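Below: one structure in structure tokens.
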Amino acid sequence: MPSMPRPASHPHEPAGSTRRAEPAAHAPLATLAELEAAIVACRACPRLVEWRERAAREKVARFRDWTYWGRPVPGFGDPGARLVVLGLAPAAHGGNRTGRVFTGDRSGDVLFAAMHRAGLSSQPTSIAADDGLRLHGAWVAAAVRCAPPANRPLPAERDRCLPFLVRELQLLPDAHVLVALGAFGWDAALRALGALGHATRPRPRFGHGAEARVGPWTVVGCYHPSQQNTFTGRLTPGMLDDVLVRACELAGLRVASTAAARVAAGRRVPGPASGEAAERRAPGPASGEAAERRAPGPASGDEAERHAPGPATGR
Ligand code: SF4
């Protein structure tokens, strides 16, 4: 089934509109289209609204010709998804610019290349909301829908946004596997499933390759594909392949031969113990999309610049 198109009712008032939305927990949302409309109109977190809109106004030099999205970024993918990939939050100059999660930043480059190898996406790149990318059997979302300063949502902001994820999971009736990117995604996944009545005791610990059965769901941990993790080799393409192949198996999805062949060639998904050890060794506090902003090295801006299709209208 192809990815869900943008709904006709999608609000298009410019970033900075004074329109106010119902708080996440109060929105009566019967369909994915209604959920998306509610998410993109949300202004419930003043700090994040100010940040996302300031980033959209001030931009960065390499994207000065873009009209930034500057609003909350909804999930997207296949409404018949059997697995959900959950990240932290949009990057200020990635999803907050393009209007699609994991789109227009290096984290998305890594993630969608891996999803393409696994047969979950129609193309290995994700550069703009109108680039033709379609997901197959998968849905991608962020736990917090607005770009946070320093990649650190406050607990209150996390909690305020959680009902959107809870409702999203309810509206994906075929999904029962959740790939949680980073410890924040893992925590959000467990919180959302807890809100759906699937609490776990004791609380399973995050690790790369860790698996937790939570009610009818299986949550699979994966290091976040931030530049911080991929540049340091903490997360390699092979490690991401391992997790996605395992997630596809759990979801009953046929795995594309490229990723399956790599896993069959001898790599193993590391168990929870090794993953946790690596987690403790890893430098830096964050594993989110926006962590790439802090990552050293010359490639981030240049690479993104090459991917940018020139002047754009945000969506
Ligand atoms: S983070 Fe979530 S709840 Fe807060 S303003 Fe953004 S969409 Fe609304």
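The values are calculated or read from the model by the stated rules, or taken from the named source; none is laboratory data. These numbers come from a predicted model, not from an experiment. Here Cβ is always computed from backbone atoms with ideal geometry, including for glycine, and neighbour counts include all displayed protein chains.
Checking the conditions here, which among 62, 100, 52 is more than 16 Å from the ligand (Cβ to nearest atom) and either among the hydrophobic types (A, V, I, L, M, F, W, C) or on the phi < 0 side of the Ramachandran plot (or both)?
Numbers: 100 fails: more than 16 Å from the ligand (Cβ to nearest atom); 52 fails: more than 16 Å from the ligand (Cβ to nearest atom).
Just one listed residue meets the conditions, 62.
Another question about this same structure. Which count do you get for residues in the stretch 245-269 that are closer than 18 Å to residue 207 by Cβ and touching a strand residue (DSSP E or B) at 6+ places or on another chain (Cβ under 7 Å)?
The qualifying residues number 3.
Identify all residues within the stretch 34-63 that are closer than 15 Å to residue 95 by Cα and not in a helix (DSSP H, G or I); write none if there are none.
59, 60
Something else now. Take residue 218 and tell me if it is at pLDDT 95 or above and within 18 Å of residue 102 (Cβ to Cβ).
It is false that residue 218 is at pLDDT 95 or above and within 18 Å of residue 102 (Cβ to Cβ).
With the condition being out of contact with any Gly (no Cβ under 6 Å at 6 or more places or on another chain) and within 20 Å of residue 38 (Cβ to Cβ), I'd like the helices (runs of 4 or more DSSP H) fully within the stretch 66-180 carrying at least 1 qualifying residues.
Hits in the stretch 66-180: 95-98, 155-170.
OK, next. Got a sec? Which of 209, 215, 233 is on the phi > 0 side of the Ramachandran plot, of a type outside the set (A, V, I, L, M, F, W, C) and either surrounded by 20 or more Cβ atoms within 10 Å (Cβ to Cβ) or within 16 Å of the ligand (Cβ to nearest atom) (or both)?
Going through 209, 215, 233 in turn, the sole match is 209.
Next question. (1) within 12 Å of the ligand (Cβ to nearest atom); (2) crowded, with 24+ Cβ neighbours inside 10 Å: which one isn't true of residue 159, the others all being true?
Only one criterion in (1) within 12 Å of the ligand (Cβ to nearest atom); (2) crowded, with 24+ Cβ neighbours inside 10 Å is unmet by residue 159, namely (2).
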